[in-house]
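**Q** One structure coming up, written as structure tokens, with questions to follow.
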Amino acid sequence: MRMSKNRFAKGVAVAAGFLFLFAAPGLTRPQSSPPSPAPTPHKAPPVARPKKDTPPPDYFAGLQYTDEQKARIDQIHQDMKSRMDAAATNEKLTAEQKSAMFAGYQRMERSQVFKVLTTQQQKEVLRRARARQAAEQAEQNKQSSPK
């Protein structure tokens, strides 16, 4: 039993010695110099999307809304308008950040309006969006195919 305690004590002493051996250089550094900042990983710049000259199509155009839907959609528009106005007047944001905020608010607005629609109206909006996407894809394939 006594031998086991001695062996354990030696192991602890050796471990403590190594700990102090590696920690001591850090303890003896002068305190006047600030710690060096951790190296930041290099981030590649975000890939810029090509700018579109035309605004996105209004897939909601021509739908017949109930009075309740109209009221909820007007409330959504007002909420997003106030958010966009707040972002536009925020001096802490760069022009690029403001543009990103506006795009995000527009996506949120479309999503919220979509949720207000009936199932049949949602199907119509999705049909329009898919048709537009298919047309754009066909145009892209037409432009990229060899002549």
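The values are calculated or read from the model by the stated rules, or taken from the named source; none is laboratory data. Remember, it's a predicted structure, so these values are computed and weren't measured experimentally. Please note: Cβ atoms are built from the backbone with ideal geometry, for glycine as well, and neighbour counts cover all protein chains shown.
**Q** Residues in the range 47-85 that are over 26 Å from residue 127 (Cβ atoms), part of a loop (DSSP other than H, G, I, E, B) and at pLDDT 50 or above: how many?
**A** Residues flagged as over 26 Å from residue 127 (Cβ atoms), part of a loop (DSSP other than H, G, I, E, B) and at pLDDT 50 or above within the range 47-85 amount to 1.
**Q** Can you give me the number of residues within the range 125-147 that are in a helix (DSSP H, G or I) and exposed (fewer than 10 other Cβ atoms within 10 Å of the Cβ)? Steps first, please.
**A** Looking only at the range 125-147, we keep the residues that are in a helix (DSSP H, G or I), and these are 125-144.
Restricting the remaining residues to those that are exposed (fewer than 10 other Cβ atoms within 10 Å of the Cβ) gives 141-144.
Total meeting the criteria: 4.
**Q** Also, quick follow-up: Among the residues of the range 88-117, write down those that are loosely packed, with under 13 Cβ neighbours inside 10 Å and outside any helix (DSSP H, G or I).
**A** Once the filter is applied, which keeps residues that are loosely packed, with under 13 Cβ neighbours inside 10 Å and outside any helix (DSSP H, G or I), the range 88-117 yields 90, 91, 92, 94.
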